[in-house]
Amino acid sequence: MLNPIQLDAYLHRLAFQGELKSDLATLTALHQAHLQRIAFENLDIRLGKKLDLSEEALVNKQLQQGRGGICYELNQAFALLLETLGFAVSRLSARVHNGQDYGQEFDHMLLLVQLDGQDYLADVGFGDSFRTPMQLGSGTFVELGVHYCLVEDGEAHFVLIQGKDGCSGQPQYRFRLKAYSIGDFLGMFKYHQTSPLSHFTQKTICSIATLSGRITLSGDNRIMTDAEGRHVYPIRSEKEYRALLFEHFGMRLPEDADIGRLLSK
């Protein structure tokens with residue numbers, strides 16, 4: 001649970017000015033604001049800095065340093081915010097689809113929020129994904145021309161599908177409605193920071209939602225997506241990378257940060 005000072009700082013980071021209620025309107029507004037204000041990023045992993053899921057570390061990184069994080073950091077912080085506001089939140093494990101198969105258990109963490117007898121998925125830590133909390137059993141919905149739906153595939157599993165043509169799109173991840181503690185995720189949390197097989201150790205990503213698309217720094221490229229399509233621009237120097245981090249994400253890394261490690265493949 002967040003204390004009053006931390007809660008105010010979080011709401012200020014999200015630029016949230018609405019009435020605070022534990023209802024769907026508040027959940028939706030906070031979810032959308034989170035995706036547009038706090039980046040999905042793995043900069044610390046690429047810089048060789050150890051991540052920490054303690055409340056103190058999350059508050060320091062996301063609220064005091066103005067940083068983002070990977071799924072465990074972002075969704076754990078969001079869960080703490082929601083719980084402080086009186087929402088009933090469960091932490092779910094998901095196996096991410098890599099284009100051929102699903103990864104390991106606890107590969108990803110997402111949230112289940114129970115409201116008025118209904119279950120809603122919340123996920124502010126999966127990069128380019130749904131922006132509005134998804135009600136289980138609600139069918140397909142469309143955001144910015146992209147279809148999202150949940151498909152049951154047996155053994156009490158659900159699969160999140162994303163694509164241009166509804167449920168014929170690409171699977172994103174597979175999960176069950178089983179609640180876990182944050183400690184259950186620590187093994188894969190460490191794996192993604194240290195294993196050479198983890199995509200987080202292989203390439204830098206820093207991405208945030210905009211009203212019409214996304215802005216992403218991926219390796220040595222800046223990628224802008226909007227209603228007109230996808231536009232890729234090379235990043236030509238460490239100085240430019242720092243400038244883009246501040247311009248698009250409001251981030252300032254320490255002066256001694258090795259920006260070359262963020263640009264390298």
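The values are calculated or read from the model by the stated rules, or taken from the named source; none is laboratory data. Not measured: the values here are computed from a predicted model. Glycine also receives a Cβ, built like all others from the backbone with ideal geometry; neighbour counts cover every protein chain displayed. Please note that ligands, DNA and RNA were not included when accessible areas were found on the heavy atoms of the full protein model with its side chains. Shrake-Rupley method; radii C 1.70, N 1.55, O 1.52, S 1.80 Å.
FRET efficiency for the Asp116 to Lys190 pair, using the beta carbon distance and R₀ = 41 Å, is estimated at 0.65. At an R0 of 25 angstrom, the distance between the Cβ atoms of Ser90 and Ser168 translates into a FRET efficiency of 0.25. How would region 1-126 be classified by its alpha-carbon gyration tensor: rounded, prolate or oblate, with rounded meaning a/c under 1.5 and the a/b versus b/c comparison settling the rest? It comes out oblate by the Cα gyration axes.
In nm, to one decimal, how far is the Val142 label point from the Asn3 one, both placed 7 Å along Cα→Cβ? Calculated label separation equals 4.9 nm.
If the Kirkwood radius is taken over C-alpha pairs of the chain, then at 37 °C and 0.692 mPa s the Stokes-Einstein diffusion coefficient equals 173 µm²/s.
Using a cut-off of 12 Å between beta-carbons, work out the net charge of the residues near Ser198 (Lys and Arg +1, Asp and Glu -1, Ser198 not included).
Values: positive: Arg46, Lys190, Lys203; negative: Asp107.
Combined, the nearby Lys, Arg, Asp and Glu give +2.
For the chain, the number of Lys pairs separated by eight or more positions or lying on different chains, with C-alpha atoms closer than 24 Å, is 18. Over the chain, accessible surface divided per residue gives 48 Å², non-protein components excluded, 1.4 Å probe. Computed across region 140-199, the Kirkwood hydrodynamic radius from all distinct Cα-Cα pairs reaches 13.6 Å. Is the shape of region 164-212 best called rounded, prolate or oblate, per the rule: a/c under 1.5 gives rounded, else a/b larger than b/c gives prolate, else oblate, with a ≥ b ≥ c the square roots of the Cα gyration tensor eigenvalues? Oblate shape, in that a/c is at least 1.5 and b/c is the bigger or equal ratio. Radius of gyration over Kirkwood radius for region 128-233, both on Cα atoms: the Rg/Rh ratio is 1.01.
Once every DSSP H run of n ≥ 4 in the chain is given -39500 (n - 2.57) and the sum is divided by its residues, what mean residue ellipticity at 222 nm do you get, rounded to the nearest 500 deg cm²/dmol?
Values: 9 runs with 76 residues, N = 265.
Result for the chain, helices only: -8000 deg cm²/dmol.
In a fully extended conformation the segment linking Asp101 and Asp256 would gain 51.9 nm over its present Cα-Cα distance, using 0.36 nm per residue.
In region 142-239, the portion of solvent-accessible area held by carbon and sulfur atoms comes to 53 percent [1.4 Å probe, whole percent, DNA, RNA and ligands not counted].
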